[in-house]
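The values are calculated or read from the model by the stated rules, or taken from the named source; none is laboratory data. Predicted model only: the values in this text are computed from it and were never measured. FYI the Cβ positions are ideal-geometry reconstructions off the backbone, even for glycines, and counts take in every protein chain you see. For accessibility, only protein heavy atoms count, side chains too; no ligands or nucleic acids. Shrake-Rupley method; radii C 1.70, N 1.55, O 1.52, S 1.80 Å.
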Amino acid sequence: MAPIIRIENLRYTYQPENGEPVPALLGIDLTVEQGEYLVILGHNGSGKSTLAKHLNALLPPTSGDVWVKEWNTKEREHLRDVRSTVGMVFQTPDNQIVATIVEEDVAFGPENLGIPHDEIVRRVDWSLGRVDMLPFRHRAPHLLSGGQKQRICIAGTLAMKPQVLVLDEATAMLDPLGRREVLEVVHRLNKEEGVTVIAITHHMEEAVDADRILVMESGRIVLQGAPREVFGQAERLHELQMDVPQVTQLAATLSQRVPGFPHDLFTVSELVSAVEGRATNRDGAPVDSAPAAQAAVAAQAVIHVKDLGHFYMRSTPLEVKAIEGVDVDVYAGEILGIIGHTGSGKSTVIQHFNGLLRPHEGKVTIFGQDMSAPNPDVKTIRQRVGLVFQQPEAQLFEHYVGDDVAYGPRNLKLSREEVRERVRRAMEAVGLGFEEFKDRLTFALSGGQMRRVALAGVLALEPEVLVLDEPTSGLDPRGREQLFERILALRERGITLVIISH
């Protein structure tokens with residue numbers, strides 16, 4: 001059987017209006033077999049998303065060829081054939097949502113394929129059910145959480161019944177249960193209906209059940225093979241800023257402490273089998289209990305929330321109560337973690353922490369200011385409480401990285417020298433070299449780099465409280481580790497941290 005996708009010497013270079021060309025793909029050769037489950041790994045900026053956009057002709061090759069079945073993606077007359085064959089779910093859901101009601105958005109693709117109305121209805125019901133979003137079919141997408149939006153995008157692509165499903169970090173914004181449920185759907189489509197799956201991910205556990213794994217580096221494929229073969233090269237993966245599944249990490253650690261324990265395990269079931277018969281406390285001593293919880297921080301609440309309630313689309317037929325009866329205090333100098341499933345209200349709560357949202361019920365006090373008062377000093381509050389959104393590109397708007405990071409300090413009327421120094425400190429704090437990145441085009445950056453720029457822009461204001469909404473979603477393993485190290489180091493500077501994370 002002929003491959004469903006064939007790529008020959010694919011090269012692609014971004015050509016910004018102002019600035020030097022940026023080579024993104026440097027000679028990719030690849031075949032994807034029908035019914036294959038292929039996972040693509042690579043650090044942020046390695047070229048994964050650029051490659052994905054060639055698979056359904058969103059980008060035309062600078063040179064080389066991409067074939068989908070018998071169609072060359074350069075032949076524009078076959079665009080409809082290519083895009084009805086290869087469905088794609090993007091990394092950022094807002095880039096893919098086009099309608100104002102969930103079920104209409106899911107129906108958009110099938111309608112454009114000319115599917116009969118009754119069949120569209122069945123497909124919408126089926127696809128929304130597969131991603132557990134049927135109860136939200138009459139909701140407005142822009143009022144949903146990032147994870148719920150991502151499910152809608154997956155449903156919209158499934159509704160077109162593509163032969164190839166390309167997932168570009170499609171589970172990055174989902175909670176662990178939601179991620180597992182979506183992956184079960186994708187695996188079922190692959191095994192039972194023969195859908196070819198090409199998944200880009202930074203979660204190593206999602207790659208374990210693939211037929212084949214590719215690892216990209218600087219626009220090239222540098223490693224490929226079956227999961228056991230690829231994850232067996234832990235040192236090489238670390239060189240490529242990748243990691244191995246957590247189960248494999250645990251097995252490797254146990255093998256150093258327990259003679260004869262296998263180090264090359266990749267699934268939970270393999271680990272359980274290896275542990276059985278070995279998990280004995282040989283000296284009979286009790287297992288050490290977890291250390292006692294740290295003493296409570298000093299009782300100075302910089303943010304006080306009491307019985308908070310908030311509605312979306314209030315006083316309209318689409319009114320939804322997003323949060324109800326929320327009580328929380330944020331204390332100076334602490335790290336507060338907020339967890340909860342997708343759509344539980346996490347992002348809605350923290351947008352009250354710097355006055356982006358005002359309480360409809362209850363009370364919010366920020367550094368002594370009552371946010372229910374007629375005219376709170378919002379400018380001062382937002383200097384003292386910085387917020388980095390779940391989707392960093394939502395708060396980037398300047399053409400160049402340096403200008404975007406400098407926007408806040410400039411509005412504080414600081415001197416040119418002080419602005420420059422703040423920008424330098426903020427960029428270096430998030431691991432972006434000042435000289436290397438200050439003149440880079442903001443929207444030519446990878447998703448992970450955008451996230452760092454957004455964080456730097458807030459840090460440049462030197463806030464006392466930093467609120468981070470899913471700060472590491474979309475980052476590669478090394479990037480996650482490095483960013484968290486840098487975030488936690490901010491506590492040394494006396495910054496209070498509020499972190500939402502799955």
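Things to note:
- Members of segment 54-69 found to be touching a residue at least 24 places away in the same chain (Cβ under 8 Å) and either in contact with a Cys (Cβ under 8 Å, 6 or more places away or on another chain) or of a type outside the set (A, V, I, L, M, F, W, C) (or both), listed by number: H54, N56, P61, T62, S63, G64, D65, K69
- Evaluation of E393 against the conditions (1) farther than 27 Å from A332 by Cα; (2) modelled with pLDDT of 95 or more shows that the sole unmet condition is (2).
- Test for G35: is it more than 18 Å from P3 (Cβ to Cβ), touching a residue at least 40 places away in the same chain (Cβ under 8 Å) and in contact with a Gly (Cβ under 7 Å, 6 or more places away or on another chain): no
- Segment 403-421, residues that are surrounded by 19 or more Cβ atoms within 10 Å (Cβ to Cβ) and either modelled with pLDDT of 95 or more or among the aliphatic types (A, V, I, L, M) (or both): D404, V405, A406, V419
- Among the strands (runs of 3 or more DSSP E) confined to segment 188-275, the ones with at least 3 residues that are more than 21 Å from the chain's Cα centre (by Cα) are located at 220-225.
- If the condition is being open to solvent by 10 Å² or more (accessible area, probe 1.4 Å) and of a type in the set (D, E, K, R), then segment 471-501 contributes R478, R480, E481, E485, R486, R491, E492, R493.
- Across segment 91-108, the qualifying residues are those that are part of a helix (DSSP H, G or I) and touching a Pro at 6+ places or on another chain (Cβ under 9 Å), and the one among them that is farthest from V66 (Cα to Cα) is V102.
- Which numbered condition E119 misses (of (1) at pLDDT 95 or above; (2) surrounded by 15 or more Cβ atoms within 10 Å (Cβ to Cβ); (3) farther than 27 Å from L38 by Cα): (2)
- Among (1) under 24 Å from K346 (Cβ atoms); (2) free of Cβ contacts under 8 Å to residues at least 12 places away in the same chain; (3) of a type outside the set (S, T, N, Q), the one test that R416 misses: (1)
- Test result for G147, assigned to a helix (DSSP H, G or I), within 15 Å of the chain's Cα centre (by Cα) and surrounded by 24 or more Cβ atoms within 10 Å (Cβ to Cβ): yes
- The criterion of at least 1 residues that are surrounded by fewer than 21 Cβ atoms within 10 Å (Cβ to Cβ) and over 22 Å from the mean Cα position of the chain (by Cα) is met by the following strands (runs of 3 or more DSSP E) wholly inside segment 1-90: 5-14, 22-32, 63-68.
- Top-ranked residue in segment 125-143 [being more than 13 Å from V106 (Cβ to Cβ) and in contact (Cβ under 8 Å) with a residue 60 or more places away in the chain; ranked as least open to solvent (accessible area, probe 1.4 Å)]: A140
- Sole residue being modelled with pLDDT of 95 or more and open to solvent by 60 Å² or more (accessible area, probe 1.4 Å), chosen from E184, E192, E104, E111: E104
- Annotation note: Cβ proximity below 8 Å between a residue of segment 163-187 that is more than 15 Å from I40 (Cα to Cα) and outside any loop (DSSP other than H, G, I, E, B) and a residue that is open to solvent by 40 Å² or more (accessible area, probe 1.4 Å) and of a type in the set (D, E) (sequence gap 6+ or interchain) occurs for G178/D132; E181/D132; H187/D209.
- Unmet criterion (only one of (1) under 13 Å from P471 (Cα atoms); (2) surrounded by fewer than 21 Cβ atoms within 10 Å (Cβ to Cβ); (3) of a type in the set (A, V, I, L, M, F, W, C)) for A444: (1)
Conditions tested, residue by residue: (1) over 29 Å from S473 (Cβ atoms); (2) polar (S, T, N, Q); (3) at pLDDT 95 or above.
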position: L30; (1), (2), (3): no, no, yes
position: N44; (1), (2), (3): no, yes, no
position: L51; (1), (2), (3): no, no, yes
position: A57; (1), (2), (3): no, no, no
position: G64; (1), (2), (3): yes, no, yes
position: N72; (1), (2), (3): yes, yes, yes
position: H78; (1), (2), (3): yes, no, no
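- No other residue among F353, F389 is open to solvent by 50 Å² or more (accessible area, probe 1.4 Å), in contact (Cβ under 8 Å) with a residue 40 or more places away in the chain and either out of contact with any helix residue (DSSP H, G or I) (no Cβ under 9 Å at 6 or more places or on another chain) or among the hydrophobic types (A, V, I, L, M, F, W, C) (or both) apart from F389.
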